[in-house]
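*Asks:* Structure in structure tokens, see below.
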């Protein structure tokens, strides 16, 4: 349907003037002014203003064409329910309208669109929320932390072995080399402990928070082993 209001000012003026021929009133003149203003507002895209003016005009002069234009203004606003009602009121007021078939088809289309929108809202309301599953990422991070602690344990054992070997070594130069090696491995062990502990702590805290956000119950255990630590988790 064209965007321009189908009822032009001249048509309404003729209708009002036919009544004015008998007894022109201020209300009739005001209704014509409001109609003119509503058409201008519609052309500017001010559909809300156009609808307001048309409602005011119809309250003064019960011309069916005002209802038709009101329906077009409601469509411009996207108010399908009000548009369908205004079209129906127009056909009730003017049952012999020239384009009655097209208007009835438009009412049917609007009612169908309203029903589809309401059905979509009901489906959206009934759709169960997407289940959030805990991520494996934090536990992978914690696993790297455990591996780091295990590396620290391994280098601690190597450092102790080198230190003992250096103590027992009768040759001074070799003993000094063993002690230096023990210190290096002890340093590596310290770094591994610090880094691994930090990663494990971050991973566990992150994982517990992630599981809590997913609505699951988490139970995490850290168990010492010969190779370091083992992380056990149940959800």
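The values are calculated or read from the model by the stated rules, or taken from the named source; none is laboratory data. The structure presented is a predicted model; accordingly, all values stated were derived computationally and were not measured. As a convention, Cβ positions derive from the backbone with ideal geometry for all residues, glycine included, and neighbour counts pool all protein chains shown.
*Asks:* What pairs come out if I take residues in the stretch 29-40 that are not assigned by TED's automatic domain parsing to the domain that holds residue 72 and pair them with residues that are buried (at least 20 other Cβ atoms within 10 Å of the Cβ) and in a helix (DSSP H, G or I) whose C-beta lies under 9 Å away, six or more apart or interchain?
*Replies:* Pairs found: none.
*Asks:* Among the listed residues 156, 92, which satisfies the condition of being assigned to a helix (DSSP H, G or I), within 30 Å of residue 50 (Cα to Cα) and either in contact with a helix residue (DSSP H, G or I) (Cβ under 9 Å, 6 or more places away or on another chain) or in the same structural domain as residue 51 (by TED's automatic domain parsing) (or both)?
*Replies:* Criteria check complete, one pass: 92.
*Asks:* In this structure, does residue 142 turn out to be under 30 Å from residue 66 (Cα atoms) and either assigned by TED's automatic domain parsing to the domain that holds residue 179 or surrounded by 12 or more Cβ atoms within 10 Å (Cβ to Cβ) (or both)?
*Replies:* When the stated conditions are applied, residue 142 does not pass them.
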